[in-house]
Each structure stands twice: as structure tokens, then as C-alpha cells.
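Each reported figure results from applying straightforward, stated rules to the coordinates on display, with no laboratory input. Everything numeric in this text was worked out from a predicted model, so none of it was measured. Positions of Cβ are generated from backbone atoms using ideal geometry, with glycine treated the same way; all protein chains shown enter the neighbour counts.
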């Protein structure tokens, strides 16, 4: 799953993040992401950009997620009458560190600046 952050007046200008990463970035701005979608009105852009500048100067204070690498149980299945060992499904989550959050905050800051120049709101879903 992912969340796209789109400039309403210029839909081709957008960012796309995993739900978790979008929730961390938007949550840093005080935006509730629990419904999975929302809109940032044009009149709110200056306030959010100021909030983002403050947040960017508080490096080290962002929520992070450690990377994980998990594998499901190994199974023995029969193929052509012979037992065959099949490894379990592997799930890798790269997590997100402070640098990753800061990079995404800068990207969103730039997107909000473009939206402000276009006098447009921003939708995320």
C-alpha cells in the first residue's frame, strides 16, 4: 500500500510513499493520517511550511523504524514423488532512519512550495 501526495492544480506533480513513511512525514506536520486520505487547503500551506522548517531543525527527533528480515517456516513438499525442501517466504522491511525521514520532509516541503506558487491545495490518499 502507498499514499500519494498530489498538487491539485498539477496532478502530475506528486510524491508516493509507503503508508508508514507517509504517516511519519505527515504526522510530523500534525496531520492525522488515520483515515488514509485528506486535503491540505491552500490557506494552510504557509503554516505547514513553517512547521516543517521547525521540524527539519530538530533532526534526531523523528520516529524511526528498524529494518527487519523475516523468513517463514521451511516446508517439505512432494514434487514428482520426491520430498523437496522449500524455504519459507522472506519478508524484508528496509525500515526508515532519521536521514530517510529528513529526505522525505524536504521532498514534501518542496512540493508544498510548488503548490503555494500555483495557489493550489494538496490532496493525499
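Remarks
- Both numbers refer to the Cα atoms of the range 31-125; Rg and Dmax are 21.8, 69 Å.
- Put in line by how crowded their Cβ is, counting other Cβ atoms within 10 Å and starting with the fewest, 17, 37 read 37, 17.
- Compactness of the range 53-99 - radius of gyration and Dmax, Cα, Å: 20.3, 65
- Look at 71, 82 and count the other Cβ atoms within 10 Å of each Cβ; fewest to most, that gives 82, 71.
- Ordered by the count of other Cβ atoms within 10 Å of each Cβ, fewest first, 44, 69 give 69, 44.
- A full extension of the chain between residue 75 and residue 116 corresponds to an added length of 9.2 nm, given 0.36 nm per residue minus the alpha carbon distance.
- Report summary: the helix-based calculation at 222 nm, which adds -39500 (n - 2.57) for every DSSP H run with n ≥ 4 and divides by the residues of the chain, gives -11000 deg cm²/dmol.
- Residue with peak Gaussian network fluctuation, the chain [Cα springs, cutoff 10 Å], from 92, 102, 31: 92
- Reference-scaled alpha-carbon Rg (2.2 N^0.38 Å with N residues) for the range 1-69: 1.20
- Percentage relative contact order, the range 13-97, counting C-alpha pairs under 8 Å, at least six apart: 24 percent
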